[in-house]
Amino acid sequence: MKVVFVFTLLAILSTSLQANVTKADLESVRSLRDGSLKNELRRLMARGQRSMGYKQAKIAMFSKIDNEDGEVCGVYSRAFCVRTKSIPNNSTMNTEHTWPQSKGAVGIAKSDLHHLYPTKSSINSTRSNYPFCNVSRVKWENEVSKMGYDSRGTQCFEVPDFHKGNVARAMFYFSVRYNHGISSDEERVLRQWNDLDPVDSEELARQKAIENHQNNTNVFVIDPGLIDQIDNF
């Protein structure tokens with residue numbers, strides 16, 4: 001029995017190591033750009049990915065990934081938090097699809113934790129499926145987020161400064177992983193946000209926690225320099 005157990009454990013570890021993106025994987029794409037790079041990154045980010053299903057993904061997010069000492073805080077507010085051990089009442093806190101469901105976050109992408117975040121329900125509704133931007137004319141705002149119009153008159157949503165890089169890297173991940181394009185205006189803003197809010201220890205820890213649950217990697221969190229090797233998402 002002990003031999004069987006050890007063999008099974010080694011098989012699991014081997015699968016895990018093969019699925020997650022390694023330093024060698026990143027070195028192998030260092031010379032690639034644009035379409036060739038996106039194709040290879042898509043393969044790497046899909047490798048070994050497990051679909052948890054939407055309910056289980058939400059349970060993981062609210063009970064473990066974004067739960068700190070029994071409390072979960074929304075990403076579009078400065079200090080809106082709820083105490084919970086699982087999925088909270090959706091009239092209070094909800095699951096934000098950074099890439100909206102109406103624009104392609106369906107199937108396995110709907111439950112992909114790399115672009116899911118906890119948010120106050122009312123702000124989640126306010127964001128709706130608007131693109132991200134730097135708001136010039138404000139229609140709604142709280143202490144850190146805004147909804148309104150950009151300089152071109154497009155209705156859009158601006159996230160807090162402390163979450164801008166996370167949004168950018170989640171959007172770039174989704175674009176490559178699921179082969180969906182980003183408009184040039186939104187991409188320009190997301191590149192600015194990526195530079196404004198670099199990867200920090202919390203984002204790295206979250207990426208690792210997600211990797212442990214669904215067994216794939218957001219390469220733009222572990223190596224943001226790859227973003228500059230792609231001219232058009």
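The values are calculated or read from the model by the stated rules, or taken from the named source; none is laboratory data. If you're wondering where the values come from, they're calculated on a predicted model, not measured in any experiment. Using ideal geometry, Cβ is built from the backbone for each residue, glycine included, and neighbour counts are taken over all protein chains shown.
Quick check on this structure: which one of 73, 81 is touching a strand residue (DSSP E or B) at 6+ places or on another chain (Cβ under 7 Å) and free of Cβ contacts under 8 Å to residues at least 12 places away in the same chain?
81
Just need a number here: residues in the range 196-218 that are assigned to a loop (DSSP other than H, G, I, E, B), of a type outside the set (Asp, Glu) and either in contact with a Phe, Trp or Tyr (Cβ under 9 Å, 6 or more places away or on another chain) or crowded, with 16+ Cβ neighbours inside 10 Å (or both).
Residues in the range 196-218 being assigned to a loop (DSSP other than H, G, I, E, B), of a type outside the set (Asp, Glu) and either in contact with a Phe, Trp or Tyr (Cβ under 9 Å, 6 or more places away or on another chain) or crowded, with 16+ Cβ neighbours inside 10 Å (or both): 5 in total.
Mind checking which residues of the range 43-56 are part of a helix (DSSP H, G or I) and of a type in the set (Gly, Ala, Ser)?
The one that is part of a helix (DSSP H, G or I) and of a type in the set (Gly, Ala, Ser): 46.
How many of the residues making up the range 177-200 are over 20 Å from residue 104 (Cβ atoms) and among the aliphatic types (A, V, I, L, M)?
Qualifying residue count for the region: 2.
Pairs needed: first member in the range 96-117, within 12 Å of residue 178 (Cβ to Cβ); second member anywhere, at pLDDT below 95 and surrounded by fewer than 18 Cβ atoms within 10 Å (Cβ to Cβ); C-beta distance under 6 Å; at least 6 residues apart or different chains.
Pairs found: 108/51.
Can you find a residue that is surrounded by 11 or more Cβ atoms within 10 Å (Cβ to Cβ), β-branched (Val, Ile, Thr), modelled with pLDDT of 95 or more and within 21 Å of residue 209 (Cβ to Cβ) anywhere in the range 41-59?
So far as the range 41-59 goes, yes, one or more of its residues are surrounded by 11 or more Cβ atoms within 10 Å (Cβ to Cβ), β-branched (Val, Ile, Thr), modelled with pLDDT of 95 or more and within 21 Å of residue 209 (Cβ to Cβ).
Sort out which residues of the range 72-100 are surrounded by 15 or more Cβ atoms within 10 Å (Cβ to Cβ), in contact with a Ser or Thr (Cβ under 9 Å, 6 or more places away or on another chain) and among the polar types (S, T, N, Q), and write them in order of number.
Those that are surrounded by 15 or more Cβ atoms within 10 Å (Cβ to Cβ), in contact with a Ser or Thr (Cβ under 9 Å, 6 or more places away or on another chain) and among the polar types (S, T, N, Q): 77, 84, 94, 95.
Just one of (1) in a loop (DSSP other than H, G, I, E, B); (2) closer than 28 Å to residue 216 by Cα trips up residue 170, so point out which.
Of the numbered conditions (1) in a loop (DSSP other than H, G, I, E, B); (2) closer than 28 Å to residue 216 by Cα, the odd one out for residue 170 is (1).
Kindly indicate whether any position in the range 27-42 is in contact (Cβ under 8 Å) with a residue 40 or more places away in the chain and in a strand (DSSP E or B).
Looking for residues that are in contact (Cβ under 8 Å) with a residue 40 or more places away in the chain and in a strand (DSSP E or B), one finds none in the range 27-42, hence no.
When you look at residue 152, is it farther than 24 Å from residue 110 by Cβ, modelled with pLDDT of 95 or more and of a type in the set (Lys, Arg), yes or no?
Yes.
With the condition kept exactly as written, say whether any residue in the range 109-121 is in a loop (DSSP other than H, G, I, E, B) and among the aromatic types (Phe, Trp, Tyr).
Initial filter on the range 109-121 (in a loop (DSSP other than H, G, I, E, B)): 112.
Remaining after also requiring among the aromatic types (Phe, Trp, Tyr): none.
Checked the range 109-121: no residue is in a loop (DSSP other than H, G, I, E, B) and among the aromatic types (Phe, Trp, Tyr).
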